[in-house]
Structures are given as C-alpha cells and as structure tokens.
Amino acid sequence: MNRFKSALAASLCIAIGASPALAAETLKIGAPLALTGRLADAGQKSKQGYDMCVEAVNEKGGLEVGGEKRMLELVTYDYQSETNKAIEIVQRLVNVDKVPFLLSPYGSGDTKAAGVVAERYGVPMVAAAAATPSVFDQKFKNLFGILFPNKMITEAEVAYYKQHAPDAKKVAVLALNSLYPKGIAADLAASAKDAGYDVVFDQIYSPNTTDFSNALTQIKSLEPDWIYATGYTEDLILIRRQMADLGLSAPIVTMTAGPAYPEFASNVQQLADNVTTNSWWHQNANYKDDFIFGTSQAYNEAFNKRFGRDATYLEAAATASCETLAIAVAEANSTDGDAVRKIMHEKTFQTFYGPIHFGETGQNDYNAALVMQIQDGELLVLAPEELKQGALKIGVPPAGN
Amino acid sequence: MLGQYLVNGLLTGGLYACLAVGFALVWGVLNVVNMLHGSMVILGAYVCIIGVQQFGVPLYVAAPLACIALFAFGYAVQRGLINRVVAQPILITLTLTFGLDLIVNNLLLYFVGATPRSLITNFGAVDLFGVRAPVVRIGGMLVAITLTLLLYWLLHHSKLGRAIIAVRMDRHAAALMGIRIPQIYALTFGIGALMAGAAGCAMALIYPTAPMMSGVFLGKAFIICVLGGLGSVPGAIVGGLVLGIAEGAGSLAFGPQWATTVGFVLMMAVIILLPSGLAGRKGFE
C-alpha cells in the first residue's frame, strides 16, 4: 500500500511538472506564544513581529540552505501565559515537531524557564522580550537575547534626568513582583543612588493587584521629585489613574514599559501627557538592513501596512529575533545547531532593529537606549541627541481635565 | 493621613462588594459556585464600552442595556445548560461553569482582543479636610449598596423574591407548593448575571478592561463571599468592605506585595474560626 502511495505521489509530481527535489522542506522555527491569559496582549504582539519576519523572508524566496531554497515555517502553540505550559510546549516543539530553532516565550521569567529546556536539548533559542541579565547569566550556549540589559536603560535615564531636571532629588520606585520589573526597578534604584538621588520609596507589588491607593498615598506623603513605576501595562494605567484620583503629581513620572504602547495613552488620555518612558527601539532610529525591509522606517511602514498601526520595540524585537536566526542559518548554509550557534556568537548582525551582537552571556550588548516622553498624545524621543524629537517637559497633570 | 487610608480601603471595598453581590446570590440560592461570574463582569464592561465608544450611546443608557443583555445571557445559560446538572453535586456545576468560562473568555479574546480598553470619564474627586475620594469610586460603592438594597426589596417584598427564598430554603417543599423550580433557578441566575453586568459597567470606569481580568474579579468575589458568609447577599457588602480595608492595611504594614496575601490569610482564618462568615447565618455554609 505504501509503495502504491509513493508511486502515486511520484506520478503526480511528474504530471504537474514539479520535481520532488524543488519542493524543499520548510525550515521550522518553534515559538511558544502567550495568546491567551494574562500576557495575551504581549503574546499577540510578539506573533505579529514573528509573522513580519517569516513573511518577509518567504517573499524573497526563502533561505538558501545546502543548495535548496527553504521557506520559513513558524510552528506555534499557545502556552496560556503559564510558565509550566511554556516549558511543556518547548519540549513538544523539540521532540514532536522536531524544530531545529526556537524563539522564546514572552518576558524574562518565562524565557529563563524555557531557556533551560532549550539548553538541555541543545537547540538555539532567541529571546525577543527578556532584558534581565539574570536570564542570561546561566552560562548557556543556546540562549540569545535581542534586548540589551536593563542597566543600560536605567543608566541612560538617570543621566538624562540628572542633566535636564537637575532640581530633582528624591525618587520613589514601585515595581511589579516579577523578574523583569523587579530587575529594572532594582537597577534604576541603584543607578539613581549612584547619581546622588535619595531613593525615598522602593517597594514591589504583587501580580493581580487591583488597588494602589495606599501605596500611592504613602508616596504622596514623601513628596518625591521622580516617580518610577514598572509593571504590566494595565497596572500602569491603573496607577496613573489612581495618582490623579489622589492628586499625586511629580516633576518626573516614568513608567516602564506601558507608555511605549499606544494603549497606555488611549486608556488614560490626557493623563498620559508628560509621562516619560524608555525603549529599546524606535522607528526613527533608521538603521540599515540589507537582509529584509531595508531600514527601520521601511520596517515600520511595512508593519503599519500589515497591522494598521506603528510597531513598538516589542514587535520589532520579535521580528529581529527571527531575522538573526534566518541570517545565521543562511550564512552557515546549514541548519546544524553548532554551525548556526557559532555564527550567532561571532557575528554582529546589522538589522533594522539596530546592530545586534550577542555578548559573552548571549545577550545583545549593543547599547541604543532611548528616553521617551508622551507629549500631547504623541510618543517622542528625548534622548539620545541624534534621534531627539523634543525636549523634556516637567510635571504631569495632577488630575484629568 | 489615617483618614485617607481608611477612605481608600472603604472605596476599594465598595468596588469589591459590587463585584461579589451577584456571585453571592447565585451561590446562596442555586448552590452553584459560578466560575463564569468574572467573565460575565467583563462581558458587561464590554457591552458598556462598545455601546458608548462605538455606538455613541450615553453611559446611563448603555449601563441598563448591559444589565438587560446580561440578564438574558444568564437566564439562557442557566435554563439551557446549568439547569441540566443543577441538582448534581457542587463539583459538577463548578466544572460546567468553569468550562463555560473558558469558552466565553476565549470568545471575548477572539472578538475584542487582549488590548485593554476603558471608559474615560472625569467625574473628579471630593476633597474633605485633605481626604480625597474619587467620585467614580464613590459611584461604584453606591452601585453595590443600591443593588443590595434592590435585591433585599425583591427578596422580601415581591412574589418572585418569596419564591426564590422558598427555593433557597427547601426546593422540594417549594416544588410541592407549586413553584416552578427551573424557572426560579433561571431567573435567579439571570439576576446574578444582571448584577455582574452592572458591576462590569462600574469596573469599566475604573479599571482598564481586558478579558484576562475575569480571573482577578472572580478571585475577589470568591474571597468576599467566604468572608461575608457563603451565599449571603448582605455578607457580600460586609466581606467586600472588610477585604478592602484589610488589603489596604496589609499594604501599609507589610508593603504592597503582601496586600493580596493578607486577603487570602484572612479568608483562611474565617474558614477555620468562623465557617459561616462574618455576616452569614450559621448552618448555611
């Protein structure tokens, strides 16, 4: 029966004029995605970023590997925002789907857990949304991170505010009890102390917190000049609204990373004005990319055409994570893990996202930190100087209009 | 400062009570731990948000519409599905509503997406002797109190309410008295859903709404019902206020990361020391 099926398939190939050799197998890339659950919004954005890469590579005919053109195929499963499920899915992707390469789940915590599995099986995994150095300091050979370390961001922020708001002396820090927010808050507090700021409040809150009024009342009583809050976008929206409810304002209010996404401003409207944030990427950076898209702005235009809005650093990093893998496979001319891993470790990738160089720990060590602020509803780059779109505006509205 | 902390706790507690009233009613009358409750709150919130933002309907029209829509939804779900297993052990109905919750939540994700949305209003805040109370949160508390009073009136002064209480006390005896049990169950579930719809509209004014918030709302409703007394509607108000104040005090005493833990510890303490809850009737647990 099997012989008959093979003969039939071969006959069909001949009949339609196709050569079996030309119909090369697709190159599978496994991606656990948080399409439902707490991280669904971020998971869906990551998928959009991955789709941009796969579609762009396939549009140019795929990758030339071992003398044949290989189209990219993204193999995805929803891990429902649960770390345990993400681990199971990575195991399934490797053992059942036999993917030779992986993209990581969303966030530092899930990436750290999934990275252990990738390392055990020796499958290269690129993380698009993990910036905490403790994810990468496990001496893994197979884990690579697109986002540069938190510390580069917090140092850029502290240096900027020190220069542009020299009267600010007291900082209050409020962070979600999760690996990335806790990590970046700790780095911010350390950077601020080093720069001579007085950290008057430094607390974390638990996931699923539905009320910040008492923490914000405490902060109000300390009269900080700089309030720094980090957590899920929904938390930051609630914090900003409750600040207004309590009449809490400060010369500088920084939130990470919610204001980088358009939904922050749409959910707080006027209260978004003068809130500052930071980012790993912005389309105005306009880096050159010879592999796909051409430039950062061209990437953003393509993204806008496909999804009807501008790309944020999250989708861009997702696209770049898949792109670095594709470039490494093409240059290795092989899907062999060792060959690809070697290129990943040695090469500096020139992409629309910016130069990507996976340092000693596997995390991108190219610093391109951006300080940003929402002004009249628009997210503007304040620093670095070469990308500057506006000057810092001091003070946020104490209450809505 | 102490006054501000107390007001913060009371207002948050008022919102919690608003979330839990419908949940308590369904638990008390049907003996169903309605795992669908959180998603019904979210559904109500989206009816309000879409009504106001996409169809330009004023909030005071959208909110009653959300209540009516949720009542119809709750009535249909109970009559068509839950009623088939309502006499089964509580685990069966819990599993069924859990399954329904997954379906509704995923449908919401599919149709409205995961990106948070809000109803933007600015009702301002009341400032009295340096203590600020946002009007929208006072409104949420008033919604909870109004719903509870209306429910109290319905249960004690209407034919339907007397029938619901009769079914709650002894459904076999109630059936012998000529009360149509399936219809009373469906109406009760519908009223619970209506209250979830009203709570959803209030939440949409305060919280960024997204389908994944349903689990958070359900968790709060559950703790409140245990605190106040299982199935006790006035207990939902007591439980909500106690939880709001306890979480606030926990945040101050141990730091914000312990606020939710304090709520769970309090729930465990009540289960062990006061199984009928702070305002429940003994023997009804």
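The values are calculated or read from the model by the stated rules, or taken from the named source; none is laboratory data. This structure is a prediction, so every number in the text was calculated from the model and none was measured. Here the Cβ positions follow ideal geometry from the backbone for every residue, glycine too, while neighbour counts run over all protein chains shown. All accessible areas refer to the heavy atoms of the entire protein, side chains included, with ligands and DNA or RNA removed. Shrake-Rupley method; radii C 1.70, N 1.55, O 1.52, S 1.80 Å.
Based on DSSP H runs of at least 4 residues, each adding -39500 (n - 2.57), what is the mean residue ellipticity at 222 nm of chain A after dividing by all its residues, to the nearest 500 deg cm²/dmol? The partial results should precede the final answer.
Working: 13 runs with 168 residues, N = 401.
Rounded to the nearest 500, it is -13500 deg cm²/dmol.
Once the other residues with Cβ under 12 Å from the Cβ of A:Gly231 are scored (Lys, Arg +1; Asp, Glu -1), what is the net sum?
Numbers: positive: A:Arg38, A:Lys182, A:Arg240; negative: A:Glu234, A:Asp235.
That works out to +1.
Partner aspartates and glutamates whose Cα lies under 18 Å from the Cα of A:Lys393, excluding those fewer than 8 positions away in the same chain, are identified as A:Glu157, A:Asp167, A:Asp225, A:Asp273, A:Asp376, A:Glu378, A:Glu385. Per-residue extension of 0.36 nm, minus the Cα-Cα distance of A:Glu385 and A:Lys60, leaves a gain of 113.4 nm for this segment.
Would you calculate a helix-derived [θ] at 222 nm for chain B, using -39,500 (n - 2.57) for each DSSP H run of n ≥ 4 and dividing by the full residue count, to the nearest 500?
Calculated at 222 nm, the ellipticity per residue is -25500 deg cm²/dmol.
Using θ = phi - 60° in the Karplus curve 6.51 cos²θ - 1.76 cosθ + 1.60, the 3J(HN,Hα) couplings for region A:250-259 round to 7, x, 10, 10, 10, 10, 10, 10, x, x Hz; x is entered for Gly and Pro. Overall, the accessible surface of chain A at a probe of 1.4 angstrom is composed of carbon and sulfur to the extent of 51 percent.
What is the angle, in °, between the Cα long axis of helix A:296-307 and the longest principal axis of the Cα atoms in chain A? Nearest 10 is fine, range 0 to 90. With rounding to tens, the tilt is 80 degrees. Computed with a 1.4 Å probe over protein heavy atoms only, the accessible area of A:Tyr287 comes to about 50 Å². Its alpha carbons considered, region A:20-161 gives a radius of gyration followed by a Dmax of 16.3, 62 Å. The A:Asn286 and B:Met169 beta-carbon pair, evaluated with R₀ = 45 Å, returns a calculated FRET efficiency of approximately 0.05.
By the Cβ-Cβ criterion of under 4.7 Å, the unpaired cysteines of chain B are B:Cys18, B:Cys67, B:Cys225.
To put it simply, the accessible area of region B:21-211 at a 1.4 Å probe is 71 percent carbon and sulfur. Between region A:70-139 and region B:162-185, the alpha-carbon centres lie 55 Å apart. Solvent exposure of the protein assembly as shown amounts to 40 Å² per residue of accessible area, where only protein heavy atoms count and the probe is 1.4 Å. For A:Gln375, neighbours were defined as the other residues whose beta-carbon sits under 11 Å from its Cβ, and their charges (Lys and Arg +1, Asp and Glu -1) total -2. When the other protein chains are added to the chain by itself, burial of at least 20 square angstrom of heavy-atom accessible area (probe 1.4 Å, ligands and nucleic acids ignored) affects these residues of region B:203-220: B:Ile206, B:Tyr207, B:Pro208, B:Met212, B:Met213, B:Val216. Heavy-atom accessible area buried between chains B and A is around 3100 Å² (1.4 Å probe, both sides summed).
On a 32 Å Cα-Cα criterion, which of the cross-link pairs A:Lys28/A:Lys347; A:Lys193/B:Lys220; A:Lys139/A:Lys305; A:Lys69/A:Lys305; A:Lys98/A:Lys347 come out too long?
Details: A:Lys28/A:Lys347 22 Å; A:Lys193/B:Lys220 38 Å; A:Lys139/A:Lys305 40 Å; A:Lys69/A:Lys305 27 Å; A:Lys98/A:Lys347 26 Å.
A:Lys193/B:Lys220; A:Lys139/A:Lys305, as the Cα separations exceed 32 Å there.
Could you please state, rounded to a whole Å, how far the C-alpha centre of region A:197-255 is from the C-alpha centre of region B:1-34? Going from one Cα centre to the other spans 24 Å.
For the protein assembly as shown, the convex hull drawn through the C-alpha positions has a volume of 188 cubic angstrom per residue. Looking at chain A, the pairs of alpha carbons with a distance over 31 Å make up 39% of the total.
Based on the Cβ-Cβ distance from B:Thr121 to B:Phe98, what FRET efficiency comes out when R0 is 35 Å, to the nearest 0.05? Intermediate results must be reported in sequence, preceding the final value.
Values: r = 34 Å, r/R0 = 0.96.
E between B:Thr121 and B:Phe98, to the nearest 0.05, is 0.55.
Membrane-span-like helices of chain B, defined as complete DSSP H segments with a Cα extent of 30 Å or more along the helix axis and a mean Kyte hydropathy of at least -0.5, are identified as B:2-30, B:59-80, B:90-112, B:135-157, B:181-206, B:233-254.
By how many nm would the segment from A:Tyr121 to A:Glu68 grow when fully extended, if each residue of separation counts as 0.36 nm and the alpha-carbon distance is taken off? Please list the in-between numbers first.
Numbers: separation 53, 0.36 × 53 = 19.08 nm, distance 2.64 nm.
Result for the pair: 16.4 nm of gain on full extension.
Across peptide B:247-256, the average count of Cβ atoms from other chains found within 10 Å of a residue's Cβ is 5. Both radii come from the Cα set of region B:21-211: Rg as radius of gyration, Rh as Kirkwood radius; their ratio Rg/Rh reads 1.02.
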